[in-house]
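The values are calculated or read from the model by the stated rules, or taken from the named source; none is laboratory data. Everything numeric here is computed off the predicted structure, so don't read it as measured data. Note that we place each Cβ from the backbone using ideal geometry, even for glycine, and neighbour counts take in every protein chain shown. The accessibility values were calculated without ligands, DNA or RNA, using every heavy atom of the protein model including side chains. Shrake-Rupley method; radii C 1.70, N 1.55, O 1.52, S 1.80 Å.
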Amino acid sequence: MASNTILQIVTLLSIFLPNAKSVQFNYPAVFNFGDSNSDTGELAAGLGFELPPPYGQTYPKLSPIGRACDGRLIVDFLSKFLTITQISCLALFAMAAKTCILQISIFFLLPLANSIHFKYPTVFNFGDSNSDTGNLVSAGIETLAPPNGQSYFKTPSGRYCDGRLIVDFLMDAMNLPFLNAYLDSVGVPSFQRGCNFAAAGSTILPASPTSVSPFSFAVQVSQFLRFKARVLEILAKGKKFEKYLPTEDFFGKGLYMFDIGQNDIAGGFYSKTLEQILASIPTILAEFETGIKRLYDQGARNFWIHNTGPVGCLTQNVAKFGTDPSKLDDQGCVRAHNQAAKTFNLQLHALTKKLQGQYTDANVTFVDIFSIKSNLIANYSKNGFEQPIMACCGYGGPPLNYDSQISCGQTKVLNGSSVTAKGCSESSAYVSWDGIHYTEAANQFVSSQILTGIYSDPPFSDQMPFLLDLKF
């Protein structure tokens with residue numbers, strides 16, 4: 001087994017066993033029992049059984065070393081790496097965006113989970129900037145300038161990020177192509193394996209005249225209904241466009257993903273008190289439930305719902321609402337914002353439980369993004385990051401490097417001087433990309449934790465029969 005394969009396995013252990021208290025891997029010594037798969041010379045030493053060249057040719061390249069192999073065995077790699085798994089492997093994974101692409105493929109020979117199988121033919125996504133792959137830009141409402149996209153696409157891609165989003169990594173895990181934006185009509189985009197309706201700035205509640213995005217959740221659902229009707233209309237005319245469009249059965253078999261609600265909560269603080277925001281949550285979730293029902297009535301049966309993250313830890317909110325240190329928690333996050341997010345998430349979780357009981361022929365999965373992102377920020381150094389709050393791409397320098405007057409990549413005249421919000425030299429060391437959105441490296445970490453299955457309801461940490469093919 002090649003050394004890079006062993007590294008991948010050890011790295012995979014660090015991803016999928018981050019919270020297993022029974023596995024510590026900090027042992028002072030190792031006593032091994034086995035056969036030739038882990039024999040490092042017992043047969044040769046005890047019975048005088050010698051292995052001639054080319055055994056040992058790969059390592060150490062000098063002479064056979066008692067192992068029935070061209071080099072090292074699994075036990076050799078484990079003996080070398082197990083004592084430092086929690087340090088080196090987490091660091092290796094966090095640095096993947098900087099230095100390498102890990103190809104990890106492993107089968108989990110475990111019982112099948114009816115609700116989680118990750119073998120969906122297509123994905124339809126709804127949300128805000130956390131999963132927008134180009135809708136707001138395609139609509140001509142906003143533009144994105146470099147250094148957006150610098151880490152992966154090498155050019156702005158419609159994503160508010162230096163590279164890939166969580167939805168991109170999840171599509172990779174399902175071995176599906178990145179989702180094209182519904183409004184992107186340039187370049188003959190293919191929607192055969194899915195379509196993205198998420199748009200930056202979108203809310204669950206209907207948009208107001210001052211909203212950043214007019215594409216509220218209800219509008220996105222209406223866009224999907226129009227998309228589906230148009231697809232079926234075109235398919236009925238012939239096979240000319242089949243390679244660009246999902247087949248009719250894909251609408252029932254596909255996965256419907258949701259990551260929306262952050263702007264309803266965080267945006268509310270600009271005009272409402274905490275108490276008013278908390279009181280509005282049932283209305284917000286009633287609107288969300290209405291959208292889910294519309295999709296269910298159209299045949300959707302697989303729902304994947306993300307809760308909202310710790311919005312009080314976003315640089316933008318710390319800069320605006322955290323000037324009084326007494327309003328910050330131990331992590332430097334705005335306490336009231338996170339309290340609102342937690343309350344929203346509790347009620348969203350209750351709604352998903354209701355939907356699970358109501359739609360017995362559907363699969364409804366709730367994903368606790370808040371816990372994953374909170375853990376990332378609270379343990380940023382352990383997780384391979386250097387800056388949990390300060391923005392990578394911004395203006396103003398430490399401690400936040402954020403100025404609400406100038407967005408990432410923009411050049412403006414402030415206080416009589418022309419200034420540019422520039423990107424940092426090493427974005428993978430930062431959690432925050434532009435003060436509002438996460439870096440690709442942070443999105444990568446969040447995605448790896450989602451795929452452990454332990455943050456989902458129902459959980460699937462012990463029920464993952466799919467081939468995990470992480471291209472990051």
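Below is a table of values for the structure above.
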{"read-out": "Subset of Lys119/Lys228; Lys320/Lys342; Lys253/Lys293 violating a 25 Å alpha-carbon distance limit", "value": "none"}
{"read-out": "Per-residue HN-Hα couplings for segment 169-177 [Karplus 6.51, -1.76, 1.60; θ = phi - 60°; Hz; x = Gly/Pro]", "value": "5, 5, 4, 4, 4, 8, 6, 10, x"}
{"read-out": "Virtual spin-label span in nm between Lys412 and Lys240, 7 Å along Cα→Cβ", "value": "4.7 nm"}
{"read-out": "Three principal axis lengths of segment 152-231 [C-alpha, angstrom, descending]", "value": "35, 31, 24"}
{"read-out": "Amide hydrogen neighbours beyond the local backbone of Thr439, cut-off 5 Å, H modeled", "value": "Ser432, Trp433"}
{"read-out": "Surface accessible to a 1.4 Å probe, per residue, for the residues of segment 299-441, Å²", "value": "41 Å²"}
{"read-out": "Fraction of accessible area attributable to carbon and sulfur, segment 271-382 (%, probe 1.4 Å)", "value": "50 percent"}
{"read-out": "Backbone HN-Hα couplings from phi across segment 374-384 [Karplus 6.51/-1.76/1.60, Hz, Gly and Pro as x]", "value": "5, 5, 4, 6, 5, 10, 4, 5, 4, 8, x"}
{"read-out": "Surface accessible to a 1.4 Å probe, per residue, for the residues of segment 144-256, Å²", "value": "44 Å²"}
{"read-out": "Where labels lie 7 Å past Cα in the beta-carbon direction, separation of Tyr270 and Asp70 in nm", "value": "6.1 nm"}
{"read-out": "Scaled radius of gyration (Cα, divided by 2.2 N^0.38 Å) that segment 315-472 gives", "value": "1.24"}
{"read-out": "Built amide H within the under 5 Å cut-off of Tyr256, gap 5+", "value": "Phe124, Asn302, Phe303, Trp304"}
{"read-out": "Rounded, prolate or oblate (a/c below 1.5 giving rounded, otherwise prolate when a/b exceeds b/c) for segment 109-215 by Cα gyration tensor", "value": "prolate"}
{"read-out": "Phe33/Asn379 FRET efficiency (R0 41 Å; Cβ-Cβ; nearest 0.05)", "value": "0.70"}
{"read-out": "Listed residue pairs exceeding 31 Å between alpha carbons, taken from Lys243/Lys373; Lys237/Lys354; Lys154/Lys327; Lys327/Lys422; Lys327/Lys373", "value": "Lys243/Lys373; Lys237/Lys354; Lys154/Lys327"}
